[in-house]
Amino acid sequence: MNRAEPLGVAVLGAGRMGADHVRRIAEVIGGARVAAVADVDAARAEAVAAGVAGCAAYPDPVAAMDDPGVDAVLIASPGPAHEAALLAALERRLPVLCEKPLTPDAAAALRIVHAEAALGRRLIQVGFMRRYDADFQRLKALLAGGEQGRTLLLRCTHRNASTLPGFTDAMLVNDSVVHEIDTARWLLGQEITAVTVHRPRPSGRAPRGLGDPQLLVFETDAGVLVDVEIFVSCGFGYQVRCEAVNEGGTARVGDDGHLFLNAAGRWGGVIPGEFTERFADAYDREVRAWVAAVRAGRAEGPSAWDGYAAAAVCEAALRAQREGGRVTVESAGRPALYEGA
Ligand SMILES: NC(=O)C1=CN([C@@H]2O[C@H](COP(=O)(O)OP(=O)(O)OC[C@H]3O[C@@H](n4cnc5c(N)ncnc54)[C@H](O)[C@@H]3O)[C@@H](O)[C@H]2O)C=CC1
Ligand SMILES: O=C1[C@@H](O)[C@H](O)[C@@H](O)[C@H](O)[C@H]1O
């Protein structure tokens with residue numbers, strides 16, 4: 001599908017991420033234009049579309065996909081709305097960039113994998129944007145190079161300053177830890193096979209009903225342990241760190257790239273406030289790569305299978321949260337479409 005004219009994108013969901021992706025496509029990346037915006041909150045869709053020349057607003061996401069100017073879809077509605085939007089896009093053979101999680105549960109994710117596999121070609125990329133972050137890419141290259149030997153442990157920290165009321169234990173896994181699940185699979189090239197969840201006493205800052213922070217320990221099929229501190233009401237900013245403990249050294253990303261000072265008996269740096277700031281460059285690279293691939297008729301980046309694999313691990317983590325103990329991950333067979341990907 002090599003094409004000269006810009007790719008016409010329908011953005012579904014005009015909330016925080018959707019509005020930011022609209023700005024990114026309209027003003028930052030080139031090669032694409034926002035042809036339509038849809039939000040079940042019609043006023044929100046209209047307000048966002050009004051800022052973009054030639055962009056139509058719809059209250060119905062399917063109507064937006066059917067806009068004549070639309071060649072591809074970016075899904076930025078909440079996770080539970082993803083399955084319906086993905087199936088409608090696949091039915092129309094429209095390439096999709098779907099914000100994480102692919103779906104909040106493994107059964108729905110598997111339905112998407114099977115629907116795409118039945119078409120015989122990849123149309124879906126999942127928005128695991130850390131794969132596009134320069135620091136994480138450096139860490140991946142270092143691990144792949146093998147100069148520090150085999151990785152033994154991956155130690156992850158994921159902190160948000162605060163979260164909205166209504167954030168649940170399940171969202172802690174499906175919306176937040178899902179990033180570490182994908183990051184670990186991608187960095188290590190291994191599958192996660194089991195998970196245990198540990199809960200300290202909850203912070204007084206956590207929204208009512210949320211057990212925050214939590215410590216999740218994942219085991220991979222090659223015997224690596226991945227621990228994740230998830231703390232979504234830490235109060236002081238947005239902090240994502242990942243340290244690989246290898247046979248011959250350690251390598252960490254997370255603070256580098258930001259100002260780090262030593263001064264008069266103190267050390268420290270600047271902590272970004274939000275993911276939109278910390279991963280701004282990764283989101284730009286992600287959407288730019290998606291547009292370039294779609295315009296060239298290719299599919300790349302995290303696949304629907306990666307979305308399913310993460311959902312299967314999330315499901316095991318939710319069971320571990322509820323029931324305690326060590327829970328093994330149950331995974332379906334990988335369709336041929338995703339072999340070697
Ligand atoms: N990659 C990343 O770092 C991040 C990804 N996300 C993901 O982005 C997606 C959206 O998250 P936010 O923008 O934070 O949520 P939000 O709540 O700010 O916005 C969601 C918008 O979707 C609309 N909406 C609800 N149902 C819809 C439907 N069926 N069709 C179309 N629009 C619908 C809502 O009215 C709202 O305007 C989620 O999948 C979330 O997990 C969110 C934050 C960061
Ligand atoms: O994807 C994201 C949010 O949905 C999630 O709620 C946050 O915890 C993550 O840090 C952010 O990257």
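Each reported figure results from applying straightforward, stated rules to the coordinates on display, with no laboratory input. As the structure is a computational prediction, the values presented were derived from the model and not from experiment. We place every Cβ from the backbone using ideal geometry, glycine too, and count neighbours over all the protein chains shown.
Of the trypsin sites (Lys or Arg not before Pro) in segment 140-222, which ones lie in a loop per DSSP and count no more than 10 other C-beta atoms within 10 Å? Sparse-neighbourhood loop trypsin sites (Lys or Arg not before Pro): Arg208. For Asp105, no residue has an amide H sitting under 5 Å from its own, ignoring neighbours fewer than 5 places away on the same chain, with H placed 1.01 Å from N. What is the Cα centroid distance between segment 45-90 and segment 1-36, reported in whole angstrom? With segment 45-90 and segment 1-36 each reduced to a Cα centre, they are spaced 10 Å.
Annotation note: GluC sites (Glu not before Pro) in segment 251-341 located in DSSP loop regions with a Cβ neighbour count of at most 12 within 10 Å are Glu330, Glu339.
In a Gaussian network model over the chain where Cα atoms closer than 10 Å are linked, find which of Val270, Val240, Val228 has the largest mean-square fluctuation. Between Val270, Val240, Val228, it is Val270 that shows the largest mean-square fluctuation.
Helix 82-91: angle to the longest alpha-carbon principal axis of the chain, degrees 0 to 90, nearest 10? In the chain, helix 82-91 runs at an angle near 40 degrees to the longest axis.
Among the trypsin sites (Lys or Arg not before Pro) within segment 11-95, those in coil by DSSP and having at most 11 neighbouring Cβ atoms inside 10 Å are Arg93. Near Gly237, the amide H atoms lying under 5 Å from its own belong to Ala161; only residues 5 or more places off or on other chains count, and H is placed 1.01 Å from N.
For the chain, modelled as a GNM whose springs connect Cα atoms under 10 angstrom apart, the maximal fluctuation among Cys55, Cys98, Cys314 occurs at Cys55. Comparing Val28, Val287, Val313 in a Gaussian network model of the chain (Cα springs below 10 Å), the most mobile by mean-square fluctuation is Val28. Let me check against my output: what whole-number percent is the relative contact order of segment 1-145, with C-alpha pairs under 8 Å and at least 6 apart? This gives 19 percent for segment 1-145. If the segment from Leu87 to Thr250 were pulled out straight at 0.36 nm per residue, it would be longer than the present Cα-Cα gap by 54.4 nm. Determine, from the Cβ-Cβ distance of Glu243 and Ala144 and an R0 of 22 Å, the FRET efficiency 1/(1 + (r/R0)^6), rounded to the nearest 0.05. The value I calculate is 0.85.
Label reach from Val217 (point 7 Å along Cα→C-beta): in segment 240-256, no amide nitrogen lies under 12 Å.
Extending 7 Å from Cα along the Cβ direction at Leu164 and again at Thr328 yields two label points whose distance is 3.9 nm.
The relative contact order of the chain comes to 20 percent, based on Cα pairs under 8 Å that sit 6 or more residues apart. Compute the helix-to-body angle for 178-188: its Cα long axis versus the longest principal axis of the chain, expressed 0 to 90° and rounded to tens. Its long axis makes an angle of about 70 degrees.
Take the Cα of Val270, step 7 Å toward its Cβ, do the same at Leu119, and the gap between the two points is 4.2 nm. Under 5 Å from the amide H of Arg33 lie the amide H atoms of Leu7, Gly8, Val9, each residue being 5 or more positions distant or on a separate chain, with H modelled from the backbone and absent for Pro and chain starts.
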